[in-house]
Amino acid sequence: MPDYYSSYGVVLAVVAAGAILVAVAFTAAKLIAPHRPLPAKLTTYECGIDPVGEGWSQSQIRYYVFGFLFVIFDVEAVFLFPWARVFESLGWAAVVEMGIFIAILATGLLYAWRKGVVRWA
Amino acid sequence: MILAETGVSVFSSLFSNFWVVLLLKTIAVMGFFLVVPLGVGYVEHKGLAHMQARLGPMEAGRFHGWAQLVADGVKFIQKEDVVPAAADRNVFSLAPAVAMIPYIAILVVLPISDSWFAENLDVGIFFVLAMSSVSVIGVMMAGWSSANKFSLIGALRAAAQLIAYELPLVIAAAAVVMQAGTLSMIGIVEAQQDLWFIIPQLPGFLIFMIAAFAELQRPPFDMPIADSEIIFGAYTEYTGLKFAFFLLAEYGGIVAFSGIAAVLYLGGYQPLPGIPIPGPLMMMGKIGALAFFFIWLRATYPRLREDQLQRFSWLGLIPLSLALIMGVAVAKVAF
């Protein structure tokens, strides 16, 4: 078990090294780069005119339905990997079971399609 | 069939002290990340300049514009770092790091040969797929914290694109895991000793590459940064070094996904039968060829529309990849 944890030591070390790289680079840039803020320079970019309203404005977002679909399918993908690793030794029973599981999900996708979720225009 | 997890990392076989090995592995991964993606960036400069007959990148340093990359680096580091007054300052500054670091972590499990690798995690490919989807959080942070309408639209597009194309990517990778019988990156390469998986899994390879293009927001799937619609998407407000880190994340992503595709489908460090080329050279050659393919398509295809992109994944790639895993499952148990 200690072996198992220590194999992630490199992952941790590399993530830390990446953070250090970013910190060092930003510090260097702070020392080298000029810093002359002006009110006009610090305005939000909006095609050259003064910004209208605020940046966090409301807009029509159609993506939330995809978000729901994704959650269902991504959970399935997590279940898929353990099964993919061992299904061969379990034989036909495992294949049929996964077939039923996928068929239920596919029915959900079919329903979403028939409801016109994936058509915008 | 479960393959033995072969190979000892060259770092572990040379040194026995845990901390020395850890340090050397970290240095090797960071060195790889700082060299190879810049090489890809250089090829993108020159390749696109040739493909599109652009003269700009051919000037710096006289001969063939060899100094262009150096000039870009110098420019990025001495440019003023402008943070808009309306922006959420801390999140804005943290976003480039969140976008870039996951791609460095992916390189930890990428094997260059059966002894040249940093770590052979048991869950290899699962770890890679998990890390590859963290990066978009950095893009979301950038888009939201900029307090800019273009940035917000770009970030939402990026997130929706990741959501749609994450699934075909993961399911195609699962089909390879089914055939190899292991999640370890080296195990998957060893399973391709006789036959590269691109031959039995050609549809999976195509699905994987299309999804990888979308994950990296490369053309023809670059709606999140569509310059003619939303300026530069989530990166609109970024300047100087912070912007450069987003670019580095993109090139790091190209290298990471080329490496993953080479491991999953092109036999990783396995040489072509009958041609004795050393493993590391073979692997780097495959990464280079796939990275060039990423650049090549940028000069070839126009951008899709946002809703076409979503339809293509939900009604095309996802049902296809689900059919693929059932096909592989039946074939594997029947034969």
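Scanning the stretch A:109-121 for residues that are closer than 30 Å to B:Lys332 by Cα and surrounded by 15 or more Cβ atoms within 10 Å (Cβ to Cβ) yields one hit, A:Leu109. For the stretch B:141-152, the tally of residues that are closer than 19 Å to B:Glu166 by Cβ and within 12 Å of another protein chain (Cβ to nearest Cβ) stands at 1. Put simply, of B:Ile225, B:Ile188 the only residue that is of a type in the set (A, V, I, L, M, F, W, C), closer than 21 Å to B:Ser132 by Cβ, crowded, with 22+ Cβ neighbours inside 10 Å and modelled with pLDDT under 85 is B:Ile225.
Within the stretch A:4-31, being more than 18 Å from B:Phe117 (Cβ to Cβ) and at pLDDT below 85 holds for A:Tyr5, A:Ala29, A:Lys30. Applying the condition of being assigned to a loop (DSSP other than H, G, I, E, B) and facing chain B (nearest Cβ under 7 Å) to the stretch A:1-35 and asking which residue is surrounded by the most Cβ atoms within 10 Å (Cβ to Cβ) yields A:Ala33.
Being small (Gly, Ala, Ser) and more than 13 Å from B:Ile112 (Cβ to Cβ) is the filter here; which residues of the stretch B:259-285 pass it? Result: B:Ala261, B:Gly267, B:Gly274. Of the residues that make up the stretch B:262-275, is at least one in a helix (DSSP H, G or I), more than 10 Å from every other protein chain (Cβ to nearest Cβ), surrounded by fewer than 20 Cβ atoms within 10 Å (Cβ to Cβ) and at pLDDT below 90? Scanning the stretch B:262-275 turns up no residue that is in a helix (DSSP H, G or I), more than 10 Å from every other protein chain (Cβ to nearest Cβ), surrounded by fewer than 20 Cβ atoms within 10 Å (Cβ to Cβ) and at pLDDT below 90. All told, B:Gly154 meets the bar of being within 30 Å of A:Pro51 (Cβ to Cβ) and modelled with pLDDT of 85 or more. With respect to A:Glu88, determine if the residue is more than 9 Å from chain B (Cβ to nearest Cβ), under 28 Å from B:Val176 (Cβ atoms), in contact with a helix residue (DSSP H, G or I) (Cβ under 9 Å, 6 or more places away or on another chain) and assigned to a helix (DSSP H, G or I). The answer is no for A:Glu88. Does the stretch B:163-177 contain at least one residue that is modelled with pLDDT of 85 or more, under 30 Å from B:Ala142 (Cα atoms), assigned to a helix (DSSP H, G or I) and aromatic (Phe, Trp, Tyr)? Looking through the stretch B:163-177, at least one residue is modelled with pLDDT of 85 or more, under 30 Å from B:Ala142 (Cα atoms), assigned to a helix (DSSP H, G or I) and aromatic (Phe, Trp, Tyr).
One residue stands out among those in the stretch A:53-70 that are more than 9 Å from every other protein chain (Cβ to nearest Cβ) and surrounded by fewer than 11 Cβ atoms within 10 Å (Cβ to Cβ): the one that is nearest to B:Ala323 (Cα to Cα), which is A:Tyr64.
Pairing residues of the stretch B:234-247 that are acidic (Asp, Glu) with residues that are part of a helix (DSSP H, G or I), at Cβ distances under 7 Å and at least 6 apart in sequence or on separate chains, gives B:Glu237/B:Ser151. Selection within the stretch A:91-102: residues that are at the interface with chain B (Cβ under 9 Å from one of its Cβ atoms) and surrounded by 11 or more Cβ atoms within 10 Å (Cβ to Cβ). The member of this set that is nearest to B:Leu320 (Cα to Cα) is A:Ile102. For the stretch B:226-247, a tally of residues being over 15 Å from B:Phe294 (Cβ atoms) and outside any loop (DSSP other than H, G, I, E, B) returns 14. Candidates are the residues of the stretch B:172-231 that are among the acidic types (Asp, Glu) and without any contact (Cβ under 8 Å) to a residue 24 or more places away in the chain; the one that is nearest to B:Ile275 (Cα to Cα) is B:Asp194. The condition (being surrounded by fewer than 18 Cβ atoms within 10 Å (Cβ to Cβ), within 9 Å of chain A (Cβ to nearest Cβ) and hydrophobic (A, V, I, L, M, F, W, C)) is satisfied by just one residue among B:Ala105, B:Ala67, B:Ala85, B:Ala71: B:Ala85.
You will find that of B:Ser135, B:Ser146, the residue that is crowded, with 24+ Cβ neighbours inside 10 Å and either of a type in the set (D, E, K, R) or farther than 30 Å from B:Trp19 by Cα (or both) is B:Ser146 and no other. Using the structure shown, decide if B:Glu44 is of a type in the set (D, E, K, R), over 29 Å from A:Val22 (Cα atoms) and more than 14 Å from every other protein chain (Cβ to nearest Cβ). No; evaluated as a whole, the condition is false for this residue. State yes or no: is B:Leu322 within 14 Å of chain A (Cβ to nearest Cβ), within 21 Å of B:Phe205 (Cα to Cα), surrounded by 14 or more Cβ atoms within 10 Å (Cβ to Cβ) and at pLDDT 85 or above? Judged against the criteria, B:Leu322 is a match. Comparison of B:Gly240, B:Gly252 shows that the only residue that is modelled with pLDDT under 85, within 12 Å of another protein chain (Cβ to nearest Cβ), crowded, with 17+ Cβ neighbours inside 10 Å and under 21 Å from B:Ala155 (Cα atoms) is B:Gly240.
The values are calculated or read from the model by the stated rules, or taken from the named source; none is laboratory data. None of the values given here were measured: they were computed from a predicted structure. Neighbour counts run over all protein chains shown; Cβ positions are idealised from the backbone, glycine included.
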